[in-house]
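What follows is a short report on a single structure.
Values quoted throughout were computed directly from the atomic coordinates according to the rules given, and no laboratory measurement underlies them. Owing to the predicted nature of the structure, the values given are computational and were not obtained by experimental measurement. Virtual Cβ from ideal backbone geometry, glycine too; neighbours counted across all protein chains shown.
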Amino acid sequence: MTADIPRLARLLDDAVRNATAVAQISATEALTLQQAYEVQRQSIERRLARGERRIGVAMGFTSRAKMEQMGVHDLIWGRLTNAMIVEDGSTISRKRFVHPRVEPEVAFLLRKPLSGIVTAMQARDALEAVAPALEIIDSRYQNFRFSLTDVVADNSSCSGLTIGPWSSPHQPLDNLGIRVMVNGRAHSFGSTAAILGDPVRSLVGAAGLVAISGEVLEAGHIVMAGGAMAAFELHVGMHVELEVDRLGRTSFTVAE
């Protein structure tokens, strides 16, 4: 049976707009990975039609901890829009989300386009800046359970991002210390090495993956390199702060 991609795109778009959970698509329909990305594309196109603007992509499942947490073994990506931006140090409403979680990342800002098979050197050459970042992920599926095609269709859970100060990308990024604080207390520690050994490898992967869908990482786009450690749940009253060695800090607070 042929998947009704426009219907599934509308289903997931409505789930995002209304912050309501839906049943797993894979429970009733067998999507290919290509079809799942088409559902994602059409779902995001609905947002763009309402006035949102594409600002980049977010990589997923780039650390072993995240792969094990979600039970998958493939890199995935989702599309970012300007409506997902959470200003550094600001407050977000828990009501905007279904099952919000957060993970520490590194964000890249591109100075020129990048697409297809590229080397790490070419990826670095395309960079304008790098920054510490927190990504808010939010599965729209009931009980935060999903298959690989489910999560891809659901924009790879991309839902929000907070970005700290931009720095020069011309520095080693492969083993920077990461500290996450919640309400002023140490929550978790890690290293950027958890992101494929070097976050730049995630950028290389992003260039290749978007090319499969006929897209390009544009100049001015943001690329979220993926979680450096397993995501954790967000609750009302949390103040989450990330510090990455040499890159600085970024934070947000969760309210009703």
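Counting only complete DSSP H runs, which helices of the chain cover 15 Å or more along their long axis at the Cα atoms and score a mean Kyte-Doolittle of -0.5 or above? If you can, show how the numbers build up before the last one.
Numbers: long enough: 5-18 (20 Å, -0.14); 33-49 (24 Å, -0.98); 199-212 (21 Å, 1.60).
The answer, listed by residue number, is 5-18, 199-212.
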Put +1 on the Cβ of each Lys and Arg and -1 on the Cβ of each Asp and Glu in the stretch 209-256; which of 236, 220, 254 then has its Cα farthest toward the positive end of the dipole? 220
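Can you bin the stretch 184-233 into rounded, prolate or oblate? Criterion: square roots of the alpha carbon gyration tensor eigenvalues sorted a ≥ b ≥ c, rounded for a/c under 1.5, prolate for a/b above b/c, oblate for the rest.
prolate
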Considering every pair of different Cα atoms, what Kirkwood radius, in Å, is found for the stretch 128-203? 14.7 Å
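How would you rank 166, 77, going from fewest to most other Cβ atoms within 10 Å of each one's own Cβ? Kindly include the intermediate steps, with their values, before the conclusion.
Working: 166 16, 77 29.
Result, fewest neighbours first: 166, 77.
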Label-to-label distance, nm, for residues given as residue 175 and residue 54 (7 Å Cα→Cβ offset): 3.8 nm
At a Förster radius of 51 Å, what calculated FRET efficiency corresponds to the Cβ-Cβ distance of residue 215 and residue 255, to the nearest 0.05? 0.90
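Sort 59, 84, 181 so that the residue with the fewest other Cβ atoms within 10 Å of its own Cβ comes first and the one with the most comes last. Walk me through the numbers on the way to the answer.
Details: 59 27, 84 21, 181 16.
Ranking 59, 84, 181 by Cβ neighbours within 10 Å, fewest first, gives 181, 84, 59.
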So what J values fall out for the stretch 221-235 if you push phi through Karplus, 6.51 cos²θ - 1.76 cosθ + 1.60 with θ = phi - 60°, rounded to Hz, Gly and Pro as x? 6, 9, 10, 7, 6, x, x, 8, 7, 4, 6, 10, 5, 9, 10
Using label points projected 7 Å from each Cα along Cα→Cβ, tell me how many nm separate residue 23 and residue 246, to one decimal. 5.1 nm
Under 5 Å from the placed amide H of residue 221, counting only residues 5+ away or on other chains, we find 110
Residue span residue 33 to residue 239: 0.36 nm per residue of separation minus Cα-Cα distance leaves a gain in nm of 70.5 nm
Taking 7 Å along the Cα-to-C-beta vector as the label spot, tell me the residue 187-residue 83 distance in nanometres, rounded to one decimal. 2.5 nm
Length-normalised contact order of the chain, Cα under 8 Å, at least 6 apart, in percent, tallies to 28 percent
Can you classify the stretch 5-255 as rounded, prolate or oblate using the Cα gyration tensor, where a ≥ b ≥ c are the square roots of its eigenvalues, rounded means a/c under 1.5, and otherwise it's prolate if a/b beats b/c and oblate if not? oblate
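So what is the calculated 222 nm ellipticity per residue for the chain, using -39500 (n - 2.57) for each DSSP H run with n of 4 or more, over all residues, to the nearest 500 deg cm²/dmol? Working shown, then result.
Details: 6 runs with 64 residues, N = 256.
When only DSSP H runs of four or more count, the value is -7500 deg cm²/dmol.
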Counting other beta carbons within 10 Å of each residue's own, what order do 139, 115 fall into, fewest first? 115, 139
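Given contacts defined as C-alpha pairs under 8 Å and at least six residues apart, what's the relative contact order of the stretch 132-226, whole-number percent?
It rounds to 21 percent for the stretch 132-226.
Based on the mean of other beta carbon atoms within 10 Å per residue, what is the order of 192-199, 151-158, 237-244, most packed first?
Numbers: 192-199: 21.6, 151-158: 27.8, 237-244: 19.9.
Top of the packing list down: 151-158, 192-199, 237-244.
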Given a 10 angstrom Cα cut-off, can you work out which residue in 220, 205, 51 is the most mobile in a GNM of the chain? 51
Using the Karplus curve 6.51 cos²θ - 1.76 cosθ + 1.60 with θ = phi - 60°, what ³J(HN,Hα) values do you get for each residue of the stretch 132-143, in whole Hz, with x for Gly and Pro? x, 8, 10, 9, 8, 10, 7, 6, 8, 8, 4, 6
